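Student: Sharing a structure, written as structure tokens. Questions coming.
Please treat every number below as a calculation from the coordinates, not as lab data. Only a predicted model underlies this, so the values are computations on that prediction, with no experimental measurement involved. All Cβ positions, glycine included, derive from the backbone under ideal geometry; neighbour counts span all protein chains shown.
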Amino acid sequence: MGRYVRFMSLWEYANPVKFIRTTDVVLPWVSVLAVLCLVVGLIWGFFFTPEDYRQGSTVKIIYLHVPAALMAINAWMMMLVASLIWIIRRHHVSALAARAAAPVGAVMTLIALATGALWGQPMWGTWWAWDPRLTSFLILFLFYLGYMALWSAIEDDDTAADLTSILCLVGSVFAVLSRYAVNFWNQGLHQGASLSLDKEENVADVFYFPLLVCIAGFVLLFIALVFLRTQTEIRARRTRALIAREQQG
Amino acid sequence: MMALLARDLKLAVRAGGGFGLGLAFFLIVTVLVPFGVGPETALLTRIAPGVLWIGALLACLLSLDRILALDWEDGTLDLLATAPLPMEGIVSVKALAHWITTGLPLVLAAPVLGVLLNLAPGGYLWVLVSLAVGTPALSVIGTFGAALTIGLKRGGLLLSLLVLPLYVPTLIFGAEVARRGAEGLEVATPLLLLGGISFGAMALLPFASAAVLRINLR
Amino acid sequence: MVLRVSNLEISRGGRAVLEGVSFALAPGAALILRGPNGVGKTTLLRTVAGLQEAEAGEITGAGESMAYAGHSDGLKSMLTVAENLQFWAAVFGRSEIEAALAAFDLRELAGRLAGSLSAGQKRRLGLARLMVTGRAIWVLDEPTVSLDAASVGLFAAAVRGHLAQGGSALMATHIDLGLEEAAVLDLSAFRARPRAAQGDEAFL
């Protein structure tokens, strides 16, 4: 690896020190962009879009609800990929990133559930319905809780990374099974997808563009938080390693 | 393998608790439900299949930490790991022993407890069938949870937190079979799905449990 | 050589403890590991037994020919002495337990529940387990804990008998077994230089 190598392999960033150095540069930009997107998207969405003829002003909660719901699932996907990378290539950053993403994903799930309840109250006349989508998110939230609890229960870092990775894999399979099981169990009241390539059931354009900006904002926010939390995890681990070395020397 | 199974069964018989505790718990849950929801027979008839499934599931959960913990504490697992048995086989046998000592008694007791809940006449057979098909999945999934939490001091609570979300699909399809059966509806679809989950879990989860156990033993 | 360990590096709790450990064990030979508490004897034996992975180095010839006895004996208190042994014999695909019972003076206790044995008797049963496995290499971690002088003698005789049949033994022990033929390896010489284990190294 000389200075002549322009494009480094992606795996280079799996080195903790390298990761911290790179994210230190990227993090401020991502954070600023995230805030910008969220401010623009939410103000646009809340104040400069018409009210829905059927749903009134409550429709505007989609600017929080839909991005949070998307990120709740994507965060788990990211953890699944990171867990696989840890199992196969044993890059520490990967395991720590999965750990860092879990609380963020859990909060996203909570936001999706809470905004869903706020939306559901005027729309369906109830705060909570055992609708398949809501139920699936509740189950997803339980998976997040279990995953985080396992991480914090195990003292040895590498053992915790190994065990939580396997839990994440197995959990993913069961999360998908639960999704189908819940669908089977109750057909539900939830409207169809808010966003899809199929234009027929899509939301109208006026809602669509600010929604996209909000989603971009949530994605960037997620990236920023995961970077920040991964840095914290790396530094905590580094501190422990340094203390261990001191004690040994 | 057979020796391990025979030993586990012998231990369960001699130690007593094994069979009795889960059954007693199942009985208590079933008895408590009418106290909670009222004695109205029509209501009990309607919820009986679901209550029996939840009771069986909780009774099963109660004994999960014993699947591996005892063998872990006295060093048996270390020694088994150095024996000429594949770890996947060991966890499968452990799950099977758990099913025979806990799951099977629950399956057989469920119709009897159904009487207490005024289960619809058509429901007895399907409660029995759905539990017989579904409880092996509960044992296998539970063994995975037990393997994950084996080295932890207060693993019991964590074990429940980890295992209960994994039980959701089994519970949904199992209770659905029992409910449809009790209402005289067609049960083939949920029964097939339940069987799929059960066989899938039996075939694949031992690999995950074995991997987890190897990590915990090192 | 039935067992060869070369340039082994091992860690415990995220820290390297031993490095450059090399030794070989011939049929009929015994090797006693010495060293102060915490030097890594148990970790080394568990690594040789295949229970944990080495950070570096190689172990050849172990695996299928080894019987491991750690700090705990893996006994079930609700099974009798004979049943415990029969179980372990069956696990290793055998059934003969009489010789093991005799060698460790457990004949009279054969029908007793293991839970009713004293600590020393339990240990004897744990060691008798090695004989029923029929394996050639015994890997023993502090085998003489809680044994009285007479039982230590029984154990030494059992090891000698095992060696005479072409078996070998690798053990960590502090007391003198009177095994003149056993070589001694002091692990203090292989202490790892102060540094983190490989898992932590990436973070420094």
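Student: Can you give the convex hull volume per residue for the Cα atoms of the protein assembly as shown, as a whole number of Å³?
Tutor: 182
Student: Sticking with this one: Just to confirm my numbers, what's the Cα centroid distance between the range B:166-218 and the range A:27-98 in Å?
Tutor: 33
Student: Taking the Cα centre of the range B:20-217 as the origin, how large is its charge dipole in debye, to the nearest 20, when only Lys and Arg (+1) and Asp and Glu (-1) carry charge on their Cβ atoms?
Tutor: 160
Student: Taking the range A:2-248, how much of its Cα-Cα pair set, in percent, is spaced more than 24 angstrom apart? Numbers along the way, then the final one.
Tutor: Numbers: 16364 of 30381 pairs.
Tail of the P(r) past 24 Å holds 54 percent of the pairs.
Student: Shifting gears a bit: Got a sec to turn the phi values of the range B:114-129 into Karplus ³J(HN,Hα) couplings, 6.51 cos²θ - 1.76 cosθ + 1.60 with θ = phi - 60°, whole Hz, x for Gly and Pro?
Tutor: For the range B:114-129, the Karplus-derived couplings read x, 4, 4, 9, 6, 4, 4, x, x, x, 4, 4, 6, 4, 4, 5 Hz, x marking Gly and Pro.
Student: Taking all pairs of different Cα atoms in chain C, averaging 1/r and flipping that mean, what Kirkwood radius in angstroms comes out?
Tutor: Answer for chain C: a Kirkwood hydrodynamic radius of 17.6 Å.
Student: Across the protein assembly as shown, how many lysine pairs, 8 or more positions apart or on different chains, have C-alpha atoms separated by under 23 Å? Please give the number.
Tutor: 9
Student: Hey, another quick one. Once amide H atoms are built 1.01 Å from N in the peptide plane, which residues 5 or more positions from C:ALA169, or in another chain, come under 5 Å H to H?
Tutor: C:ALA29, C:ALA30, C:LEU31, C:TRP138
Student: List the GluC sites (Glu not before Pro) within the range C:103-204 that fall in a DSSP loop (any state other than H, G, I, E or B) and whose Cβ has at most 12 other Cβ atoms within 10 Å.
Tutor: C:GLU180, C:GLU181
Student: Short version: ³J(HN,Hα) in whole Hz for each residue of the range A:107-123, in order, from phi by Karplus 6.51 cos²θ - 1.76 cosθ + 1.60 (θ = phi - 60°), x for Gly and Pro, what are they?
Tutor: 5, 4, 4, 4, 4, 4, 5, 5, 5, x, 5, 4, 6, x, 4, x, 6
Student: Of C:ALA16, C:ALA128, C:LEU109, which is farthest towards the positive pole of chain C's charge dipole, taken about the Cα centre with +1 and -1 on the beta-carbons of Lys, Arg and Asp, Glu respectively?
Tutor: Of the options given, the answer is C:LEU109.
Student: Using modelled amide H (1.01 Å from N, peptide plane; none on Pro or chain starts), what sits under 5 Å from the amide H of C:VAL2, excluding residues fewer than 5 places away?
Tutor: Hits under the 5 Å cutoff: C:LEU25, C:ALA26.
Student: Considering the dipole of the range A:2-248 built from charges on the beta carbon (Lys and Arg +1, Asp and Glu -1) around the Cα centre, which of A:ALA153, A:PRO122, A:ILE43 is farthest to its positive end?
Tutor: Looking along the dipole axis, the top candidate is A:ALA153.
Student: Another one. Going through the range B:113-218, which chymotrypsin sites (Phe, Trp or Tyr not before Pro) have at most 16 other Cβ atoms within 10 Å and a DSSP loop state?
Tutor: Sparse-neighbourhood loop chymotrypsin sites (Phe, Trp or Tyr not before Pro): none present.
Student: Further question: Let's see if you can work this out: charge +1 on each Lys and Arg Cβ, -1 on each Asp and Glu Cβ, no other charges. What is the dipole magnitude of the range C:90-174 about its Cα centre, in debye to the nearest 20? Present the calculation step by step, with values, prior to reporting the outcome.
Tutor: Numbers: 9 positive and 7 negative charges, 26 e Å.
With only Lys, Arg, Asp and Glu charged at Cβ, the dipole is about 120 debye.
Student: What does the average come to when, for each residue of peptide B:78-88, you count the partner chain Cβ atoms lying within 10 Å of its Cβ? Please list the in-between numbers first.
Tutor: On the way: counts 9, 15, 3, 4, 14, 9, 7, 3, 0, 0, 0.
Neighbouring Cβ atoms belonging to other protein chains average 6 per residue here.
Student: Place +1 on the Cβ of every Lys and Arg and -1 on the Cβ of every Asp and Glu in the protein assembly as shown, take the dipole about the Cα centre, and give the residue among C:GLY153, C:ALA172, B:HIS98 whose Cα lies farthest towards its positive end.
Tutor: Working it through, the farthest residue towards the positive pole turns out to be C:ALA172.
Student: Each residue of the range B:202-218 in turn: what ³J(HN,Hα) in whole Hz from Karplus with 6.51, -1.76, 1.60 and θ = phi - 60°, glycine and Pro shown as x?
Tutor: 5, 7, 9, 4, x, 5, 5, 4, 5, 4, 4, 5, 4, 5, 6, 7, 6
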